[in-house]
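**Student:** What follows is a structure written as structure tokens; I'll ask about it next.
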Amino acid sequence: MTTDIFARIEQSRTADEVVHQIEVLVLEGILRVGDRLPGERELAKQFNVSRPILREALKVLEGRGLLNTHHGGGTFVADVIGQVFTRPVMELIARHQKATLDYLEYRREVEAVTVEFAARRATEADKALLTRIITAMKAAHQKDDFEEEATIDVEFHSAIGECAHNIILLHTLRSCYRLLAEGVFYNRAMVYTLPGARDKLLAQHVAIYDAVMAGNPDAARRAAQAHIDFVSRAMMDAERSGDWERVSQLRLQHRAPDLSRAGTKARLKQPEAAN
């Protein structure tokens, strides 16, 4: 993690000012879950505060559930996103298919708004980050690396959320993408194995990227909705083909002994060859 995101405190140098600055960094999505803060000495130097003031600030932030401090192991941004959906809720969602349909419906509408904002608000730094991500996505696609491609897929959508510059959208979408990355809703590997799916998904991500880069909110909305529509259809197709394969395997397994016996009987009925 880069360490130049913390600003020097020039005036009263109180713990409250340190707390406020770190809270804003978490709220704006600059500090993300699992990010490790610099060591106490370095962080106090960057804030231009004493170490006792810094310790007081970190204690307040830990008490608010924003930081976790491990003795001898450093200070990290807490899993504030995971708390949006508790483990019992995540497991409940995973057991009911309707939740998956609702999830995709929700993403279709929310991401349409998000990419519109992104197309209007993305800064040059945002666009530079998006370009790095889409370049990495293309490279993973060329290598035929599903795991890397799927990881970058989530990173891409998260970055679009950042480009929208709306705090509520940012954290809401991050919580949704966490569920996606953990496979709560559906098996993305099945979708990627459908004929032509990987190429189509890449093209859809590029279309979203192009619209944001061009500052075209209408094109961005259409591209985002077309992407989710495709994912919905592909998911259903993958489930159907997977079910077909399961049924076919059961048929084969069940009938194999009968077919083996039939083959044996057929060989026994053949007349012996003349000498």
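The values are calculated or read from the model by the stated rules, or taken from the named source; none is laboratory data. Because the structure is predicted, anything quoted here is derived from the model rather than measured. Neighbour counts are summed over all protein chains in view; Cβ atoms, including those assigned to glycine, are modelled from backbone coordinates with ideal geometry.
**Student:** Looking at this structure, is Val110 surrounded by 16 or more Cβ atoms within 10 Å (Cβ to Cβ) and either out of contact with any Ser or Thr (no Cβ under 8 Å at 6 or more places or on another chain) or over 30 Å from Met236 (Cβ atoms) (or both)?
**Tutor:** No.
**Student:** Same structure again: Within the range 199-225, how many residues turn out to be surrounded by fewer than 17 Cβ atoms within 10 Å (Cβ to Cβ), closer than 21 Å to Met236 by Cβ and of a type outside the set (A, V, I, L, M, F, W, C)?
**Tutor:** Qualifying residue count, the range 199-225: 3.
**Student:** Under 8 Å between Cβ atoms, which residue pairs at least 6 apart in sequence (or on different chains) link something in the range 185-214 that is under 25 Å from Ala119 (Cβ atoms) and touching a residue at least 40 places away in the same chain (Cβ under 8 Å) with a partner that is outside any helix (DSSP H, G or I) and of a type in the set (Gly, Ala, Ser)?
**Tutor:** If the second residue must be outside any helix (DSSP H, G or I) and of a type in the set (Gly, Ala, Ser), the pairs left are Val212/Ala122; Met213/Ala122.
**Student:** Any idea which residue in the range 9-52 is surrounded by the fewest Cβ atoms within 10 Å (Cβ to Cβ), counting only those that are assigned to a loop (DSSP other than H, G, I, E, B) and in contact (Cβ under 8 Å) with a residue 60 or more places away in the chain?
**Tutor:** Ranking the candidates gives Glu28 first.
**Student:** Between a first residue in the range 229-243 that is under 17 Å from Asp102 (Cα atoms) and a second residue that is at pLDDT 85 or above, which pairs have beta carbons less than 6 Å apart while being 6 or more apart in sequence or on different chains?
**Tutor:** Close Cβ pairs (under 6 Å, with a partner that is at pLDDT 85 or above) amount to Ser232/Leu104; Ala234/Ala197.
**Student:** I'd like the full set of residues that are touching a residue at least 12 places away in the same chain (Cβ under 8 Å) and of a type in the set (Lys, Arg), limited to the range 123-143.
**Tutor:** Lys127, Lys138 - these are the residues of the range 123-143 that are touching a residue at least 12 places away in the same chain (Cβ under 8 Å) and of a type in the set (Lys, Arg).
**Student:** Kindly provide the set of residues from the range 208-229 that are among the aliphatic types (A, V, I, L, M) and in contact with a Leu (Cβ under 8 Å, 6 or more places away or on another chain), ordered by number.
**Tutor:** Across the range 208-229, the qualifying residues are Val212, Met213, Ile228.
**Student:** Report whether or not Val80 is farther than 30 Å from Tyr177 by Cα and out of contact with any strand residue (DSSP E or B) (no Cβ under 9 Å at 6 or more places or on another chain).
**Tutor:** no
**Student:** Give the residue that is modelled with the highest pLDDT, with candidates limited to residues of the range 151-177 that are polar (S, T, N, Q) and closer than 24 Å to Ala140 by Cβ.
**Tutor:** My answer is Ser158.
**Student:** Mind listing whichever residues of the range 93-126 are touching a Cys at 6+ places or on another chain (Cβ under 8 Å) and either closer than 27 Å to Thr193 by Cβ or among the basic types (Lys, Arg) (or both)?
**Tutor:** Tyr103, Tyr106, Arg107, Arg121
**Student:** Is it the case that some residue within the range 42-52 is touching a Lys or Arg at 6+ places or on another chain (Cβ under 7 Å), closer than 19 Å to Arg174 by Cβ and modelled with pLDDT of 80 or more?
**Tutor:** no
**Student:** When you scan the range 117-165, how many residues do you find that are surrounded by 13 or more Cβ atoms within 10 Å (Cβ to Cβ) and of a type in the set (D, E, K, R)?
**Tutor:** Final tally of qualifying residues: 11.
**Student:** For the range 56-74, name all the residues that are surrounded by 14 or more Cβ atoms within 10 Å (Cβ to Cβ) and under 24 Å from the mean Cα position of the chain (by Cα).
**Tutor:** Leu66, Leu67, Asn68
**Student:** In addition: For the range 213-234, check the following and say yes or no: at least one residue is at pLDDT below 85 and within 18 Å of the chain's Cα centre (by Cα).
**Tutor:** There is no residue in the range 213-234 that is at pLDDT below 85 and within 18 Å of the chain's Cα centre (by Cα).
**Student:** Determine which single condition Ala189 fails, assuming it passes every other condition in (1) under 24 Å from Glu28 (Cβ atoms); (2) part of a helix (DSSP H, G or I).
**Tutor:** (1)
**Student:** To continue, here is another question. For the range 145-184, how many residues meet the condition of being of a type in the set (Asp, Glu) and free of Cβ contacts under 8 Å to residues at least 40 places away in the same chain?
**Tutor:** Number of matching residues: 4.
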